[in-house]
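Right, one structure below, let's go through it.
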Amino acid sequence: MTFPVYFELGPLRLHPHLVMEALAYAVGLYVSLFRRLKKKDVVSPAQRSSISVGALVGALMGAKLLVMLQHANLLMTDWRQFALLALQGKTIVGALLGGLAGVEITKKLIGVCRSTGDSFVYSVLWGMAIGRVGCFLTGLSDRTYGIATSLPWGVDFGDGIARHPTQLYEIGFLVLVFFVLRRCQLLSLREGDLFKIYMIAYLGFRFFIDFIKPEFRPLLGLSAIQIACALGLGYYWKDAVRLCRTVWKPTG
C-alpha cells in the first residue's frame, strides 16, 4: 500500500482525508437527525440551534489551540511547519473538550439546565471512527501514526519504518465503545450519562495510547494532548465514580 491512498473518481484524484472527513460529517449529521426524529429532543429547536453553534465554535477553537500546543516545539525549530499545522491541523481531543466548553457556556447563557450530550454521542462516535480511516489512509503527513514496532501488524507509512497503526487501534476502540454504550442504555442512567461514559472512555484511551506516539512531551513526560485528557478526566471524576458504581452495582 502506498500512502496517501487517493480516491480515483473519473478524472478526479481526491485526497483521502478530504473524502473521509466529508463522509464523517455527513454520517454524523444523519445519525444525529435520525436519533432526534426517533426520540423527543430534551430542548426546543431554537435552543438546540444555539447549543449546536456553541459546540461548533468551541470545537474549532479547542482543536486549533491544542494542535498548536501539541507542536509548540516546532515554533523555534521549524516555524513554517508550525504555521502549516496551525492553519490546517486540528485535534480530536481539543475539539471534544472545546465543544464541551462551548456547549456548557451556551447553555448557561440561554438558561438550559438539562443535559444534552446524549443526542450527540453516536454521531460524534461514528464521525470520529470514519475520520480516523482518513487519517490512516493519509499516512505520514497526518502525524497520527505510532512509534516504531516489530509487531507483525506494524505499518510502513512510506518512510521504511514499521509503526503502530494507532489510527486503526482507535477505530477498533470506538467500535467497542459503541457496543458498551448500547449495553449501558439498558441500565438506569441519568440524562447525559451516555455522553459522559463516552468522554471518560475516550479521554482515558487517548491518554494511554499517546504514549506510543512520537510526540513532544514538555511536562512530566506527557504531551499537550495527554495533559488535556488528564484535565478532562479530572472534570468528570465524580461522574466516573458514580457511573462505575451504577454499572457494577451488585444485584440480588
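The values are calculated or read from the model by the stated rules, or taken from the named source; none is laboratory data. None of these values were measured; they are calculated from a predicted model. Methodologically, a virtual Cβ is constructed for each residue, glycine included, from the backbone with ideal geometry; neighbour enumeration extends over all protein chains shown. Ligands, DNA and RNA are excluded from the accessible area calculation, which covers all protein heavy atoms including side chains. Shrake-Rupley method; radii C 1.70, N 1.55, O 1.52, S 1.80 Å.
Would you point out the residue of the range 161-177, among those that are open to solvent by 60 Å² or more (accessible area, probe 1.4 Å) and within 16 Å of M1 (Cβ to Cβ), that is nearest to the chain's Cα centre (by Cα)?
Here the residue is L168.
State which residue is farthest from the chain's Cα centre (by Cα) when the search covers only the range 48-73 and only residues that are touching a residue at least 60 places away in the same chain (Cβ under 8 Å) and more than 15 Å from I105 (Cα to Cα).
Only one residue fits best here, namely N73.
Quick test of your reading of the structure: S115 fulfils all but one of (1) in contact with a His (Cβ under 8 Å, 6 or more places away or on another chain); (2) in a loop (DSSP other than H, G, I, E, B). Name the failing condition by number.
Every condition holds for S115 apart from (1).
For (1) without any contact (Cβ under 8 Å) to a residue 12 or more places away in the chain; (2) under 22 Å from the mean Cα position of the chain (by Cα); (3) within 21 Å of I225 (Cα to Cα), each residue gets a yes or a no:
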position: D78; (1), (2), (3): yes, no, yes
position: Q81; (1), (2), (3): yes, no, yes
position: L85; (1), (2), (3): no, yes, yes
position: I92; (1), (2), (3): no, yes, yes
position: L96; (1), (2), (3): no, yes, yes
position: A101; (1), (2), (3): no, yes, yes
position: I105; (1), (2), (3): no, yes, no
position: K108; (1), (2), (3): yes, no, no
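Restricting attention to the range 222-249, report how many residues are under 19 Å from R183 (Cα atoms) and either surrounded by fewer than 17 Cβ atoms within 10 Å (Cβ to Cβ) or within 20 Å of the chain's Cα centre (by Cα) (or both).
So the count comes out to 10.
Does G111 satisfy being in contact with a helix residue (DSSP H, G or I) (Cβ under 9 Å, 6 or more places away or on another chain), over 26 Å from M1 (Cα atoms) and either crowded, with 16+ Cβ neighbours inside 10 Å or not aromatic (F, W, Y) (or both)? Spell out the reasoning first.
Numbers: in contact with a helix residue (DSSP H, G or I) (Cβ under 9 Å, 6 or more places away or on another chain): yes; over 26 Å from M1 (Cα atoms): yes; either crowded, with 16+ Cβ neighbours inside 10 Å or not aromatic (F, W, Y) (or both): yes.
Against the criterion (in contact with a helix residue (DSSP H, G or I) (Cβ under 9 Å, 6 or more places away or on another chain), over 26 Å from M1 (Cα atoms) and either crowded, with 16+ Cβ neighbours inside 10 Å or not aromatic (F, W, Y) (or both)), G111 qualifies.
Scan F136, F120 and give me the residue that is closer than 20 Å to Y169 by Cβ and open to solvent by 20 Å² or more (accessible area, probe 1.4 Å).
Answer to the check: F136.
With the checklist (1) in a loop (DSSP other than H, G, I, E, B); (2) crowded, with 20+ Cβ neighbours inside 10 Å in hand, flag the one item S150 doesn't pass.
Unmet for S150, out of (1) in a loop (DSSP other than H, G, I, E, B); (2) crowded, with 20+ Cβ neighbours inside 10 Å: (2).
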